Amino acid sequence: MRILLVGAGGVGGAVTRIAARRDFFDLMVVADFDEARALSVAAATDDARFVAARVDASDQHAVEALLTEHRCDVLLNATDPRFVMPLFRGALAAGAHYLDMAMSLSHPHPERPHELTGVKLGDEQFALGDAWEESGRLALVGIGVEPGLSDVFARYAADELFDEIEELGVRDGANLTVDGYDFAPSFSIWTTIEECLNPPVVYEKDRGWFTTPPFSEPEVFDFPDGIGPVECVNVEHEEVLLMPRWIDAKRVTFKYGLGQEFIDVLRTLHKLGLDSTEPVRVGNALVTPRDVVAACLPDPAGLGDRMRGKTCAGTWVKGTKDGAPREVYLYHVADNEVTMAEYGSQAVVWQTAINPVVALELIATGAWTATGIQGPEALPPRPFLDLLTAYGAPWGHREM
């Protein structure tokens, strides 16, 4: 297998450190708009299978050319969601498989944003479903940790643990702190603003997809491995758009443990218009407010040495088995001390990066075979969960 990895930043860098320990591929081209960063990430592996290249992820034709030049079988997108569509189309045009960890962007309903969906996450990608099916190639969308592993958990629960599912509820919480910073998000603030301030989407079988105001339906969820109770709220996320396509459930939700301080900061950014992606003139320059906010905050990938604690991603499932009610939480915990010591990656970045590497290995070995656009819940869960454990990243199962 020959892989084009686009995006040498935090998650992309962690992908290379994880993949360097595996032997399922022959070449990984690490490509980034910043060629120096790509060179640094590739060189750090000390592995001749990794080479660097420069590419503009917004330029579909440049992406096609790079795939063709290096005869790559698959494109792994490790950029933020703004670049999904040119990369997605570039892989299709070049005849390569495609994987991403975040899907094409949504656009709220113009008149009733807190009731009705507009353009949903992934709609632009699914519009090309016939073309992908005809290509005979696989577009595996949303294969990070959330979405990704959370969707694999949902498939596993549907296949092996439940006869009927009342609710699939992704629940994400952490007790991470960052020394020396009053406010330092552990993941891309650009993406965090996008998903937290957009209207959250909820799915109900008899209603379909609908939206609510941001931060709705707060609940306290007790997370495992010493993290404990965390208040979680509705947030827009891909799982709610993916799971109902392949799994029969009466309700699907995604709730994130943001914390009141984080919510207050996001609300303030929104009030001031600093979440906007529309350029504004400052003197002779045009800048987007959200890019300015991101530039003023520390790079999450570089916070590992200052970070303490654990992060947990998982899927809570409620339903029945053999006529009796059942609730389980299937989860994965990453301890920042461990991920920094073993991989030099902070916990949130590492936990996201390991899952596409596992998926790539399953595709390379033929354990996962499919064509067209597929979510992680469309594929057999056992091979993924077994290989994840073999990578030294075991998952948990808690009866509730």
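Read-outs throughout are calculated quantities, based only on the coordinates presented, and are distinct from any laboratory measurement. Everything quoted here is computed from the prediction, not taken from an experiment. Reconstructed Cβ throughout: ideal geometry from the backbone, glycine too, with neighbour counts over all protein chains shown.
Whole-Å semi-axes of region 245-400's equivalent ellipsoid, largest first, each the root of 5 times a Cα gyration tensor eigenvalue?
The answer is 35, 22, 19 Å, longest axis first.
Between the alpha-carbon centers of region 72-117 and region 294-308, tell me the distance in whole angstrom.
25
Per residue of region 33-50, in order, report the coupling 6.51 cos²θ - 1.76 cosθ + 1.60 (Karplus, θ = phi - 60°) as ³J(HN,Hα) in whole Hz, putting x for Gly and Pro.
These are the phi-based 3J(HN,Hα) values: 4, 8, 4, 5, 5, 4, 4, 5, 5, 5, 5, 5, 6, 6, 9, 5, 6, 9 Hz.
Straight-line reach from K120: which lysines have Cα under 25 Å away, leaving out those fewer than 8 places along the same chain?
Correct list for K120: K205, K250, K255, K271.
Taking θ = phi - 60°, what integer Hz values does the Karplus form 6.51 cos²θ - 1.76 cosθ + 1.60 yield along region 5-20, in sequence order, with x for Gly and Pro?
For region 5-20, the Karplus curve yields 9, 9, x, 9, x, x, 5, x, x, 5, 4, 5, 5, 6, 5, 4 Hz.
Within 10 Å, count the other beta carbons around each residue, average over each peptide in 326-333, 76-83, and list them highest first.
Packing order, densest peptide first, comes out as 76-83, 326-333.
Taking a temperature of 25 °C and a viscosity of 0.890 mPa s, what whole-number D in µm²/s does Stokes-Einstein yield for region 333-389 with Rh from Kirkwood over alpha carbon pairs?
Approximately 196 µm²/s, per Stokes-Einstein.
If you find the alpha carbon centre of region 138-194 and of region 36-52, how far apart are they in angstrom?
The two parts, judged by their Cα centres, are 29 Å apart.
Please get the size of the charge dipole for region 193-268, origin at its Cα centre, with Cβ charges of +1 on Lys and Arg and -1 on Asp and Glu, quoted in debye to the nearest 20.
340
For the chain, give the magnitude of the charge dipole about the Cα centre (Cβ charges: +1 Lys/Arg, -1 Asp/Glu; no others), in debye to the nearest 20.
300
Over region 196-307, what is the mean sequence separation of C-alpha contacts under 8 Å (at least six apart), divided by residue count, expressed as relative contact order in percent?
With pairs under 8 Å counted, the relative contact order is 20 percent.
If you plug each phi of region 310-323 into the Karplus form 6.51 cos²θ - 1.76 cosθ + 1.60 with θ = phi - 60°, what whole-Hz ³J(HN,Hα) values come out, in order, with x for Gly and Pro?
10, 10, 10, 10, x, 10, 8, 10, 10, x, 10, 9, 6, x
Quick one: of the DSSP bridges fully inside the chain, what percent are antiparallel, nearest 5?
60
Rounded to whole Å and sorted largest first, what semi-axes of the equivalent ellipsoid does the C-alpha gyration tensor of region 110-208 yield via the square root of 5 times each eigenvalue?
Three semi-axes, in Å: 27, 21, 19.
Please compute one quarter of the surface area of the Cα convex hull for region 154-251 and express it in square nanometres.
Taking the Cα atoms of region 154-251, their convex hull projects to 7.8 nm² on average.
Normalised by the residues of the chain, what does the relative contact order come to in percent, with Cα pairs under 8 Å and at least six apart?
Rounded, it is 20 percent for the chain.
Taking the Cα atoms of region 1-83, report the difference between the largest and smallest coordinate on each principal axis, in whole Å and largest first.
For region 1-83, the Cα extents along the three principal axes come out at 31, 24, 20 Å.
Let me know the charge dipole size of region 85-189 about its Cα centre in debye, to the nearest 20, where only the beta-carbon of Lys, Arg (+1) and Asp, Glu (-1) is charged.
The calculation lands at about 500 debye.
Two decimals is fine: what is log10 I(q)/I(0) at q = 0.20, 0.24, 0.33 Å⁻¹ for region 278-320, from a Debye sum with one equal scatterer on every Cα and no solvent?
Result of the Debye calculation: -0.78, -0.90, -1.12.
Semi-axes, largest first, in whole Å: what does sqrt of 5 times each Cα gyration tensor eigenvalue give for region 1-158?
Working from the Cα gyration tensor, I get semi-axes of 28, 18, 16 Å.
Once every DSSP H run of n ≥ 4 in the chain is given -39500 (n - 2.57) and the sum is divided by its residues, what mean residue ellipticity at 222 nm do you get, rounded to the nearest 500 deg cm²/dmol?
-10000 deg cm²/dmol
Considering the alpha-carbon set of region 209-254 alone, what are its Rg and its Dmax in angstrom?
Reported Rg and Dmax, both Å: 12.6, 34.
Please compute P(r) over all alpha-carbon pairs of the chain, binned at 20 Å starting from zero, and give each bin as a whole-number percent.
28, 62, 10, 0
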